[in-house]
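Colleague: Supplied in structure tokens, the structure appears directly below.
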Amino acid sequence: MEILSLLGDGMLIAIQPLNILLILVGVTVGLFIGAMPGLGSVNGVAILLPITFLVPPGSAIIFLAAIYYGAMYGGAISSITLGIPGASTAVATTFDGRPLALKGKARLALVAAAVASFIGGSVANIFFTLFAPLLATVALNFGPPEIFALMLLAFATFVGLGGDDIPKTVLSICFGLVVAAIGFDQISGAPRLVLFGMNGFLGGINFLVLAIGVYGIGEMLWTLDTTRGEVTSSKADISAKGIITDTGETFRLGWKGMSIGSVLGFFVGILPAAGATPGSLMSYGVTKMLSKNPKEFGQGHVSGVTAPEAANNSASTGAMLPMLTLGIPGSPTTAILLGGMVIWGLTPGPRLFIEQSDFVWGLIGSFYVSNFFALVVNLAFIPLFIWMLRMPFTVLAPLIFVLSIVGGYAAMADMFDVWLIVLFGIGAFFLRKFDYPVAPAVLAIVLGPIAEPTLRQSLLLSSGDPTIFFTRPIAGPITFVAIILILLPALKYLRPAKARPAE
Amino acid sequence: MKVTKRTFLGLAGASAIALSAAPAVAQGWEPTRPIDFVIMAGPGGGADQIARFIQSVVEKNDMAPRPLVPNNKGGGSGAEALIWLNNASDPDHTILVTLNSFFSTPIRQPDLGIDIMTFTPIAMMGVDPFALWVHKDSGIESFEQWVETVKGANGDYVTGGTGTGQEDSIVFAYTNNAFDMNSKYIPFDGGGAVAAALAGQQIQATVNNPAEARGFFQSGDVRPLLVFSDEEMPAYPGIPTMKSKGHDFSYYNQRAVVGAPGMSDEAAAYYQDLFKKVYESPEWQGYLESESLSPLWMNPEEQKAYWELQMDVHKQLLAEIGN
């Protein structure tokens, strides 16, 4: 088969000594950049881009892709051990990763994250290898109505979750959408919701700032309040045998999340303007919805870790696809990689696969190699991360606080963000006190900025006729499913009220 | 509409002289921390590609002791970036890569309180022409045929570009007015997204810059019908100009670097010298050619004169198209 021989050649390029070295350094550096709150793959790739002038373009992009990969693995680490999302792509990992760690199962959570990342990356690599040019065409068929329909589906999975209080979920989503609307409007260019006339609001709320506030500070306050500092996070022993046992557990308990995340993450990743963060949140939502015990999610379900982690690695490979074949970045990090390619004198676009076959297949080969090494490096460092967790929470809490503040400042180097973090942290704490789910608001803030412009673009296309979402061949079925999902729990909610006479 | 053609060339002539007489650079000032390299557009579009290319030239040739750190602030048709510069806490380390929304956004949104004449001129790196693109499957081969198609669609023809009031929408609005046409305009987030929307036939026509449309042009997915430059472009032989269609209109996107208001003279001199080196580098000259940009070097005084002229031009254009 032609593809296999091309892939074989690509692998040979990837395992040249220089490239192997770059991959090892790249995934290790990426792992730590990803684990550091505030620094994500975007920062890592941007900071290290200049270094790549020292090596040939093929090796340069392999190095940057390895950092990208490593960071996707690393993001989970601080999400699980400290409850601070290491990167915006790992926010969904805190939903269940943190509760697992608090139950003393930090090792299981870390292993699950690493293994799921590996599986997600591998599945995406196989899709990428076999179908790259075909999928690029599919991505082009996703216009504004299709993308909006997909966003609607994502919201539907969060509303449609059994167990949660639905009015509160809807309220939480609405709150998130309002926050997402802060800043300049993309369509008209007008400023919106610039609260108190403060310029800091003009650029909108940086998602990472919100996530660090809600999960870093908010979680910390919550844990202190509920346990009075009496919690010791991990009693897990560290041994190779333990890690192997946990790998087994990961497959037994988390296979569902892993499968959904691997596939869904990839498809969300290849869509322009989406990327790994929406991919991981949507996979979490879908996995929870399809689970037999949705109530266990948020309490420490292994699938709640494997779904977002498989998805963010899968999506990061997926996001490479529109970048290489169409010249459109599928995520912020690939936007920087795209800039790198222009600098190296390569034109991304439909002809890249033909004209720069060595470059493309070398890169694809390196995905496989990077993925493998990232798994090994990650597993090797797990004992170190668990050791960190052995500190009593009275020591960990100040550490979390400092890391949150520093991480929030590092993202944009703006003090305004630091004040927002504190505000969001306190706000999230009280929301939890009053039993409002926070995750739907977080989802809305990620997806709102994608959903709103696509909704308005679609309505401009159709001159205001909403049937555009039902009549297009791809958008139609998606919208239909989304609406059913939204209505199902609403019906469930209404019926018992009618059936049961007032007591 | 008598636009800037003659003035363009006049300024370009003057610039040749300015370029040869190397300005005396105040020695001594150098950046002491990373330089905030603000980009007036989202990632992936023309302005972003240029900013990252400039950054790479500086890094590769080790031209500055501190790195340029690209910072995308594309919100509100560039308003976000303008406010960021206006309020810069350290104006000596804050510079901006601009496009024409540098002129149009302050006119359209006077509430922002931006006076671009307070900004510090640094370098005009070149100007980027526009072309009209359609998909190859549209069956449209000529500009005349396009005009007929748009008219025949009775307002249902779908065009797309960057944010409302930005360059792309100005070019479309002018063309619609000039040929008495009516079409829909869908705003997207950056030139890359616009190019993809046309390739996927989500929209029917764009006015992308050559660099933005290049990938799909090379693969044959999209086809230029008209260029908005003064003369035919070497990259697209045989494609007529707007001027040849009887309308004295040409429109270019400025690719310039400006400094924050309140930048010290020493710092301004440093950046002017730095970007002159970038401009003269073989990499940048090669980029101008490969991306079909027109070179248009100007010294700081000429840049300020150019800003004033462009403010007038854009006021008139925006008034004409009723925006």
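Colleague: Identify the residue in region A:336-372 that is in a helix (DSSP H, G or I) and among the polar types (S, T, N, Q) and, among all such residues, is modelled with the lowest pLDDT.
Modeller: So, considering only residues that are in a helix (DSSP H, G or I) and among the polar types (S, T, N, Q), the one modelled with the lowest pLDDT is A:357.
Colleague: For region B:277-300, what are the residues that are among the aliphatic types (A, V, I, L, M), farther than 22 Å from residue B:237 by Cβ and assigned to a helix (DSSP H, G or I)?
Modeller: Matches in region B:277-300: B:278 only.
Colleague: Here's something else I'd like to know. Name the residues in region B:277-288 that are among the acidic types (Asp, Glu) and farther than 15 Å from residue B:49 by Cα, would you?
Modeller: Hit for region B:277-288 is B:280, nothing else.
Colleague: Please work out which one of (1) farther than 21 Å from residue A:211 by Cα; (2) away from every other protein chain (no Cβ under 14 Å) is the condition residue A:435 fails and give its number.
Modeller: Of everything listed in (1) farther than 21 Å from residue A:211 by Cα; (2) away from every other protein chain (no Cβ under 14 Å), residue A:435 misses just condition (1).
Colleague: It is to be established whether one or more residues within region A:89-110 are farther than 20 Å from residue A:216 by Cβ, more than 14 Å from every other protein chain (Cβ to nearest Cβ) and under 17 Å from the mean Cα position of the chain (by Cα).
Modeller: Checked against the condition, which is being farther than 20 Å from residue A:216 by Cβ, more than 14 Å from every other protein chain (Cβ to nearest Cβ) and under 17 Å from the mean Cα position of the chain (by Cα), region A:89-110 yields no hits at all.
Colleague: For region B:112-168, which residues satisfy the criterion of being small (Gly, Ala, Ser) and under 30 Å from residue B:308 (Cβ atoms)?
Modeller: Passing the criteria: B:113, B:123, B:126, B:131, B:161, B:163, B:165.
Colleague: Kindly provide the set of residues from region A:169-180 that are of a type in the set (A, V, I, L, M) and either crowded, with 16+ Cβ neighbours inside 10 Å or out of contact with any Leu (no Cβ under 9 Å at 6 or more places or on another chain) (or both), ordered by number.
Modeller: Across region A:169-180, the qualifying residues are A:170, A:171, A:173, A:177, A:179, A:180.
Colleague: Considering region B:83-108 alone, what residues qualify as being in contact with a strand residue (DSSP E or B) (Cβ under 8 Å, 6 or more places away or on another chain) and under 22 Å from residue A:449 (Cα atoms)?
Modeller: Answer for region B:83-108, where residues must be in contact with a strand residue (DSSP E or B) (Cβ under 8 Å, 6 or more places away or on another chain) and under 22 Å from residue A:449 (Cα atoms): just B:84.
Colleague: For region A:287-335, how many residues meet the condition of being in a helix (DSSP H, G or I), surrounded by fewer than 24 Cβ atoms within 10 Å (Cβ to Cβ) and touching a residue at least 12 places away in the same chain (Cβ under 8 Å)?
Modeller: Residues meeting the conditions: 5.
Colleague: Something else now. Considering only residues that are within 14 Å of chain A (Cβ to nearest Cβ) and touching a Phe, Trp or Tyr at 6+ places or on another chain (Cβ under 6 Å), which ones fall in region B:146-159?
Modeller: Of everything in region B:146-159, just one residue is within 14 Å of chain A (Cβ to nearest Cβ) and touching a Phe, Trp or Tyr at 6+ places or on another chain (Cβ under 6 Å), namely B:159.
Colleague: Since residue A:123 meets every condition but one in (1) farther than 20 Å from residue A:384 by Cα; (2) free of Cβ contacts under 8 Å to residues at least 60 places away in the same chain, which condition does it not meet?
Modeller: (2)
Colleague: Here's another thing I want to ask about it. From the list B:67, B:110, B:91, exactly one residue is in the same structural domain as residue B:42 (by TED's automatic domain parsing) and farther than 27 Å from residue A:194 by Cα. Which is it?
Modeller: Matching residue, one of B:67, B:110, B:91: B:67.
Colleague: Here's another thing I want to ask about it. May I ask you to list pairs of residues, at least six apart or on different chains, whose Cβ atoms are under 7 Å apart, with the first in region B:280-308 being farther than 24 Å from residue B:268 by Cα and the second being part of a helix (DSSP H, G or I)?
Modeller: Going by the 7 Å Cβ cut-off, the qualifying pairs are B:287/B:53; B:291/B:210; B:291/B:211; B:292/B:210.
Colleague: Ok, one more. Restrict the check to region B:141-148 and report whether at least one residue is assigned by TED's automatic domain parsing to the domain that holds residue B:232 and among the small types (Gly, Ala, Ser).
Modeller: Yes, the conditions are met somewhere in region B:141-148.
Colleague: Out of (1) within 10 Å of chain B (Cβ to nearest Cβ); (2) more than 29 Å from residue B:51 (Cβ to Cβ), what's the single condition that is false for residue A:355?
Modeller: (2)
Colleague: What number of residues in region B:168-189 are under 26 Å from residue A:341 (Cα atoms) and more than 9 Å from chain A (Cβ to nearest Cβ)?
Modeller: Summing the residues that are under 26 Å from residue A:341 (Cα atoms) and more than 9 Å from chain A (Cβ to nearest Cβ) in region B:168-189 gives 1.
Colleague: Can you tell me which residue in region B:117-131 is nearest to the other protein chains (Cβ to nearest Cβ), limited to those that are surrounded by 22 or more Cβ atoms within 10 Å (Cβ to Cβ) and over 21 Å from residue B:49 (Cβ atoms)?
Modeller: So the residue we want is B:119.
Colleague: Tell me whether region A:111-122 contains one or more residues that are surrounded by fewer than 21 Cβ atoms within 10 Å (Cβ to Cβ), more than 12 Å from chain B (Cβ to nearest Cβ), more than 19 Å from the chain's Cα centre (by Cα) and part of a helix (DSSP H, G or I).
Modeller: Within region A:111-122 (the criterion being surrounded by fewer than 21 Cβ atoms within 10 Å (Cβ to Cβ), more than 12 Å from chain B (Cβ to nearest Cβ), more than 19 Å from the chain's Cα centre (by Cα) and part of a helix (DSSP H, G or I)), the answer is no, since none of the residues qualifies.
Colleague: Scanning region A:181-201 for residues that are in contact (Cβ under 8 Å) with a residue 24 or more places away in the chain and more than 7 Å from every other protein chain (Cβ to nearest Cβ), which turns out surrounded by the most Cβ atoms within 10 Å (Cβ to Cβ)?
Modeller: By that ranking, first place goes to A:200.
Colleague: Now a separate question. Tell me the residue from A:95, A:32 that is assigned to a helix (DSSP H, G or I) and either crowded, with 24+ Cβ neighbours inside 10 Å or modelled with pLDDT of 90 or more (or both), please.
Modeller: Testing whether each residue is assigned to a helix (DSSP H, G or I) and either crowded, with 24+ Cβ neighbours inside 10 Å or modelled with pLDDT of 90 or more (or both) leaves just A:95.
Colleague: Name every residue in region B:213-255 that is crowded, with 20+ Cβ neighbours inside 10 Å, over 21 Å from residue B:50 (Cα atoms), touching a Pro at 6+ places or on another chain (Cβ under 9 Å) and within 14 Å of chain A (Cβ to nearest Cβ), in order of residue number.
Modeller: Answer for region B:213-255, where residues must be crowded, with 20+ Cβ neighbours inside 10 Å, over 21 Å from residue B:50 (Cα atoms), touching a Pro at 6+ places or on another chain (Cβ under 9 Å) and within 14 Å of chain A (Cβ to nearest Cβ): just B:221.
Colleague: Considering each residue of region A:437-450, count those that are within 20 Å of residue A:226 (Cα to Cα) and out of contact with any Asp or Glu (no Cβ under 8 Å at 6 or more places or on another chain), and give that number.
Modeller: 2
Colleague: Would you mind finding the one in B:214, B:223 that is of a type in the set (D, E, K, R) and at pLDDT 90 or above?
Modeller: The match here is B:223.
Colleague: Among the residues of region B:196-206, is there at least one that is surrounded by fewer than 21 Cβ atoms within 10 Å (Cβ to Cβ), within 14 Å of chain A (Cβ to nearest Cβ) and among the polar types (S, T, N, Q)?
Modeller: Yes; the residues of region B:196-206 include at least one that is surrounded by fewer than 21 Cβ atoms within 10 Å (Cβ to Cβ), within 14 Å of chain A (Cβ to nearest Cβ) and among the polar types (S, T, N, Q).
Colleague: Go through the residues of region B:256-263 one by one and say whether even a single one is out of contact with any Gly (no Cβ under 9 Å at 6 or more places or on another chain), among the small types (Gly, Ala, Ser) and in a strand (DSSP E or B).
Modeller: Scanning region B:256-263, I find at least one residue that is out of contact with any Gly (no Cβ under 9 Å at 6 or more places or on another chain), among the small types (Gly, Ala, Ser) and in a strand (DSSP E or B), so the answer is yes.
The values are calculated or read from the model by the stated rules, or taken from the named source; none is laboratory data. These numbers were taken from a predicted model, which means no experiment stands behind them. Counting neighbours? That spans all protein chains shown, and the Cβs are built from the backbone with ideal geometry, glycine included.
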